[in-house]
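Each remark here refers to the structure printed beneath this line.
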Amino acid sequence: MTTVILNWTRDPLTFRFALDEDIRSSEYGVIQRGLIQVLRSIPNLQFNYKTASFEIALADRTIPFIVNALYFAGYTVLHKGDIPAEIEQANRPN
């Protein structure tokens, strides 16, 4: 599995993504394009070209959807920065 690193910030709630450093440079672009397709399919998530980050609306619904979509697409997710409380809620077993 490829590790995706989500670097979180607040005000507004945004994240930037990075890929695991162990990925060969020849594979990086292919993986990045696939990852962007997954992120673009998520509702309430907008890419901000000025800051090169994704802005989140309705965090309580969108964040669990992001985590699950990345997981089901075959990515391992690592969270860094100002991690929102919704991440903890999404990682709890039902």
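The values are calculated or read from the model by the stated rules, or taken from the named source; none is laboratory data. Because the structure is a prediction, the values reported are computed rather than measured. Cβ atoms come from the backbone with ideal geometry, glycine included; neighbour counts cover every protein chain shown. Protein only, heavy atoms only, side chains kept; ligands, DNA and RNA dropped before computing areas. Shrake-Rupley method; radii C 1.70, N 1.55, O 1.52, S 1.80 Å.
Brief remarks on what is shown
- Of ASP11, ASP82, ASP20, ASP60, the residue with the largest accessible area leads and the full order is ASP11, ASP60, ASP82, ASP20 (1.4 Å probe).
- Exposure here means at most 14 other Cβ atoms within 10 Å; with trypsin sites (Lys or Arg not before Pro) in a DSSP loop as sites, the longest stretch of the chain lacking them is 51-94.
- Summarising the amide proton neighbourhood of LEU19: residues at separation of 5 or more, or on other chains, whose placed amide H is nearer than 5 Å comprise ILE5.
- Under Karplus coefficients 6.51, -1.76 and 1.60, residue-wise ³J(HN,Hα) of region 11-24 in Hz, glycine/proline x: 6, x, 5, 9, 8, 10, 10, 9, 10, 3, 5, 7, 6, 5
- FRET E, pair ASP20, LEU58, Förster distance 30 Å, beta-carbon r, rounded to 0.05: 0.55
- Percent carbon-and-sulfur accessible area, region 1-63, ignoring ligands, DNA and RNA, probe 1.4 Å: 48
- Take the chain with all the other protein chains still there, run a 1.4 Å probe, and you get 66 Å² of accessible area per residue.
- Treating r as the C-beta distance of GLU27 and ASN48 and R0 as 25 Å, the FRET efficiency rounds to 0.40.
- For the chain, the list of GluC sites (Glu not before Pro) that fall in a loop by DSSP and count at most 10 other C-beta atoms within 10 angstrom reads GLU21.
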